[in-house]
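A quick write-up on the structure given underneath.
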Amino acid sequence: MLDVPALRILDEVLPGHRTRIQTNNITGQWTATAAGLGVSALPLYVGDPDPTLVRILPEEVTVLRKYWLIVPRELQRRARVRTTIATLR
């Protein structure tokens, strides 16, 4: 139900692939791949521990995306909020 161009990682990694199913959560991608429905772009911390999965690319692929952080003005000066913002940056 959520089709966001920036999340179509396989379009960049495997150009010309044929999409059979789409899901917008990592658990759905992992489960579908483990069930043998195809390939997916999983983070290493999900794919590597699963012995039923096999990496198909010879090296790690880095995908860069931009994310927005929205903080209400009245909270921006709080130490814990500033610390969180600094950590995320």
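Quick notes on this structure:
- Whole-percent pair-distance distribution, where bins are 10 Å wide, for the alpha carbons of the chain: 13, 37, 25, 18, 7
- Ranked packing of 77-85, 40-48, most packed first, by mean Cβ within 10 Å: 40-48, 77-85
- Projection of the Cα convex hull of segment 6-54, averaged over all directions and equal to a quarter of that hull's surface, yields 3.5 nm².
- Solvent-accessible area per residue for the chain (1.4 angstrom probe, square angstrom): 92 Å²
- Tilt relative to the chain, helix 79-88 - C-alpha long axis, 0 to 90 degrees, to 10: 30 degrees
- Approximate spin-label separation Q22-E60, in nm, with each point projected 7 Å along Cα-to-Cβ: 2.9 nm
- Net lengthening on full extension, V46/V13 (0.36 nm per residue, minus Cα-Cα): 10.1 nm
- Shown for the chain: the carbon plus sulfur share of the solvent-accessible area, taken with all protein chains present and a 1.4 angstrom probe, equals 57%.
- Inter-label distance, nm, simple model (7 Å from Cα along the C-beta direction), T31/R80: 3.3 nm
- Over the chain, relative contact order from alpha-carbon pairs under 8 Å, at least 6 apart, %: 21 percent
The values are calculated or read from the model by the stated rules, or taken from the named source; none is laboratory data. These numbers come from a predicted model, not from an experiment. Neighbour counts run over all protein chains shown; Cβ positions are idealised from the backbone, glycine included. Calculation scope for accessible area: heavy atoms of the full protein, side chains included, ligands and nucleic acids excluded. Shrake-Rupley method; radii C 1.70, N 1.55, O 1.52, S 1.80 Å.
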